[in-house]
Structure formats: C-alpha cells, structure tokens
Amino acid sequence: MGTTKLLGVRGALAAALLLASIMLVLAATSADAAFPGKNGKIAFSKDNYRQGTSGIFTIAPEGGAQKKIGPDFGYSPSWSDNGQKVVFVASSGESEMEYSEDIYVMDADGSNVQRVTDTRAYESSPSFFPDGETIAFARYSNRNGADIFTMKLDGSELTKLTDDPGFYEESVAVSPDGQQIAFSRYNRSSDIFVMDADGSDPVNVTRTGRVDEFEMNWSPNGKKIAFTSYRFSGFEGLAAEAQDSGTFAPKALGPESLTREASEPKDHTGEPQEDVEVSVMNADGTGRRDLTSGRAYDVAPAFSPSGNQIVFSKMTFDQRSETSELVVMRADGANKRQITDTPRAFEYGADWQPLPETAPNN
C-alpha cells in the first residue's frame with residue numbers, strides 16, 4: 001500500500017481497535033499547497049461507514065453544516081488554484097486482487113467526476129500545479145516501489161520524477177508557484193525533501209533520525225511548510241542515550257508493518273510513547289517549531305489561502321472509541337477551535353479552497 005504512515009501502534013489501545021483506526025487513516029491523508037486567495041470552504045475526508053456517511057465533504061471555516069461532494073470511497077481532496085476543481089483518490093474492489101486506488105477530478109460542487117488514472121498500481125497524494133491542468137502524485141506498485149510522477153489531467157505527459165530503489169516517496173505537495181515539489185521519502189524513517197518541479201536537485205530539509213515528518217502543506221507565499229511530526233519518546237536510561245549516540249534507533253513503521261504490528265498482541269511495558277504534532281518550518285528547513293502539543297494525535301495540516309490560519313485533524317483514542325475532528329487555529333498555533341463534532345466518525349485530510357479576492361465566499 002503506497003500511502004503515508006500516520007499512526008503508531010504502541011500504547012494502551014487494544015490491537016483490534018488500533019488496526020481499524022490505522023486502516024481508516026493510512027489511505028486517506030493528503031499533502032498540498034495553499035494557493036493564495038480568499039478563504040473558501042474546507043474539503044476533507046470522512047469515514048463513517050456504520051452510518052453511511054463516508055466520502056469527501058466540505059464545511060465552512062467557522063464550522064456548521066457539512067455537504068458531501070465526493071463518492072463514498074473518495075479521499076485525499078486537493079483544490080485547484082482557482083478553487084473550481086478538486087482532485088482526489090478513490091478506492092475500488094473488494095478483494096486483494098481487485099483493490100485499486102486511482103485519481104479522479106471533479107468540479108467544486110462534486111459534479112462532472114472524471115477518472116484521471118486507471119492502472120494496477122496505487123496512486124495517492126495528488127497535488128495541483130497552478131495551471132489547474134497538471135498534477136503531481138505518488139504511485140506505488142509491488143514491482144517498482146513508490147515514486148513521484150507528474151501528469152496532465154487528460155492522462156498525457158506522464159513523467160517519472162524519482163527513481164530511487166529502496167526508498168518510498170509518499171506525501172506530495174507542489175509549491176504555490178509550481179516551481180518546487182515537497183515530498184516525504186521513507187526508508188527506515190521519513191524525511192521531507194524539496195526538489196525542483198522537474199525532479200532535479202532534491203534536498204533533505206528535515207534530517208531527523210528519531211522523528212518522522214510527512215503530510216506537508218506549503219503556505220500560500222511559499223515561504224513555510226506545515227507538516228505532521230511523529231516523534232518517539234519515553235525510552236528511559238540507556239535506551240535514550242543509545243538513541244542520541246546513534247547506536248540504537250526505534251524502527252520507523254511503514255504502512256505494511258503498522259498493519260502487521262496492530263494485528264499482533266503486544267506487551268507494552270517499557271515501549272516508547274508517541275508524540276504526534278503539527279509543526280511548521282521555513283521552506284529550507286530552518287526555523288522549525290511545533291504548533292500543537294498534548295496527548296492527541298494532531299496531523300495533516302493545511303494553510304488557509306490567506307495564510308493566517310491552519311486546519312488540521314485532532315485524533316483521540318481511548319479503550320472504547322476513536323475520533324478525529326477538524327480544528328482551525330491561527331498560523332502561529334494560537335486560538336484553536338474545533339469546527340466538527342461527529343461521533344463515531346473520522347474526519348481528516350483537509351484542504352482549504354482558494355477563491356479570487358473579488359469572489360463571494362460561498
């Protein structure tokens with residue numbers, strides 16, 4: 001499965017509960033850029049198959065009524081630069097042999113749905129270029145691993161940008177000016193890279209061995225990148241010292257190993273705790289800082305087109321239930337406010353619609 005790792009499996013949760021939660025999220029997160037403009041609606045993925053309300057929805061930044069615009073098995077929405085189109089991923093097939101993940105595009109109201117890819121590989125994390133006709137995305141196959149491609153919405157001009165055996169390129173985010181692409185590269189851990197739009201000159205801008213970084217989102221001026229920061233902590237005594245000395249590193253979990261570990265009984269005594277926060281840095285990797293803190297998993301941030309706000313998903317777990325709600329905060333991390341409250345549902349993978357400054361906010 002060529003999707004980003006999002007949740008760890010260590011902690012106090014039962015294995016079966018963790019497995020269900022992990023699988024909900026692994027296939028549904030997105031990375032992107034906030035194109036500059038007026039703040040429009042927020043598109044996001046929702047999973048609530050028990051009540052029959054799953055798919056891609058929109059909501060106003062202040063909260064309120066939700067409107068479904070995408071199919072039940074749609075996720076990873078990403079707005080075009082003018083806010084008139086949404087590119088997304090949808091899954092199909094019930095068996096392992098039939099299962100597929102392909103990219104689709106639709107109008108902002110959910111009409112005129114068109115299929116963009118139709119392959120036996122898994123496509124994920126689509127991100128628009130500012131021309132509104134070209135996308136970058138990740139493609140995973142058992143034979144070739146995961147790499148980044150660009151392509152026109154009509155299927156033409158398919159170009160492979162990365163080809164690094166042993167590495168998995170996953171979250172993909174085109175910069176607002178279309179000149180660069182940020183992506184996460186995973187082997188034993190996940191780091192954020194920035195490369196030119198033609199695939200040249202990739203630069204690791206995080207370089208953190210004990211932290212996984214992924215799910216990037218560019219600010220509308222292209223100067224900052226918000227992202228999910230997944231830290232391991234809680235090792236005591238010599239274990240922590242060994243990490244710092246480089247003689248020990250906790251295994252960074254990919255999607256396959258996450259699923260495997262979640263399905264196995266665990267003795268959690270002495271295992272590390274997880275710290276999953278929304279962080280921000282300058283586009284060159286400097287000036288990094290956390291915008292959230294706490295026991296919840298704060299993930300998948302997205303800048304507003306105005307650049308002064310960020311929406312993210314707050315995931316909470318206990319031994320009875322798991323939830324994920326959307327939260328909006330100022331771009332400096334202040335004034336957090338929850339804008340969804342949907343029991344028994346996961347809401348995540350948000351992206352903020354850009355509108356022309358003269359357009360009504362609708």
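Summary of values
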| item | result |
| --- | --- |
| All positions within the range 76-87 that are assigned to a loop (DSSP other than H, G, I, E, B) and either without any contact (Cβ under 8 Å) to a residue 12 or more places away in the chain or of a type in the set (S, T, Y) (or both) | S80 |
| Within the range 124-144, tally of residues that are crowded, with 22+ Cβ neighbours inside 10 Å and touching a Gly at 6+ places or on another chain (Cβ under 8 Å) | 4 |
| Selection from the range 98-109 of residues that are closer than 19 Å to S124 by Cα and assigned to a loop (DSSP other than H, G, I, E, B) | E98, Y99 |
| Checking P126 against (1) more than 21 Å from S175 (Cα to Cα); (2) modelled with pLDDT of 95 or more; (3) touching a strand residue (DSSP E or B) at 6+ places or on another chain (Cβ under 7 Å); (4) not basic (K, R), the condition it does not meet | (1) |
| Any pair with Cβ under 8 angstrom, 6 or more apart, that starts in the range 330-356 at a residue that is among the basic types (K, R) and ends at one that is exposed (fewer than 14 other Cβ atoms within 10 Å of the Cβ) and part of a loop (DSSP other than H, G, I, E, B) | R330/N308; R344/R50; R344/Q51; R344/S321 |
| Top-ranked residue of the range 145-158 - restricted to ones that are more than 13 Å from V172 (Cβ to Cβ) and surrounded by 13 or more Cβ atoms within 10 Å (Cβ to Cβ), ranked as nearest to the chain's Cα centre (by Cα) | G145 |
| Enumeration of residues in the range 140-178 that are closer than 12 Å to S127 by Cα and either in contact with a helix residue (DSSP H, G or I) (Cβ under 6 Å, 6 or more places away or on another chain) or not in a strand (DSSP E or B) (or both) | L153, S175, P176, G178 |
| Positions within the range 49-60 being within 19 Å of the chain's Cα centre (by Cα) and in a loop (DSSP other than H, G, I, E, B), in sequence order | S54 |
| The one condition in (1) within 24 Å of V87 (Cα to Cα); (2) modelled with pLDDT under 95 that R188 fails to fulfil | (1) |
| Residue in the range 112-122 that is surrounded by fewer than 20 Cβ atoms within 10 Å (Cβ to Cβ), modelled with pLDDT of 95 or more and part of a loop (DSSP other than H, G, I, E, B) present | yes |
| When residues of the range 179-206 are limited to those that are in contact with a strand residue (DSSP E or B) (Cβ under 7 Å, 6 or more places away or on another chain), small (G, A, S) and outside any strand (DSSP E or B), the one surrounded by the fewest Cβ atoms within 10 Å (Cβ to Cβ) | A197 |
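Residues checked against (1) touching a residue at least 24 places away in the same chain (Cβ under 8 Å); (2) over 27 Å from P71 (Cβ atoms):
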site: V89; (1), (2): yes, no
site: D102; (1), (2): no, no
site: S111; (1), (2): no, no
site: Q114; (1), (2): yes, no
site: D147; (1), (2): no, no
site: Y186; (1), (2): yes, yes
site: A197; (1), (2): yes, yes
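The values are calculated or read from the model by the stated rules, or taken from the named source; none is laboratory data. Everything numeric here is computed off the predicted structure, so don't read it as measured data. Ideal geometry is used to build each Cβ from the backbone, glycine not excepted, and the neighbour counts take in all protein chains shown.
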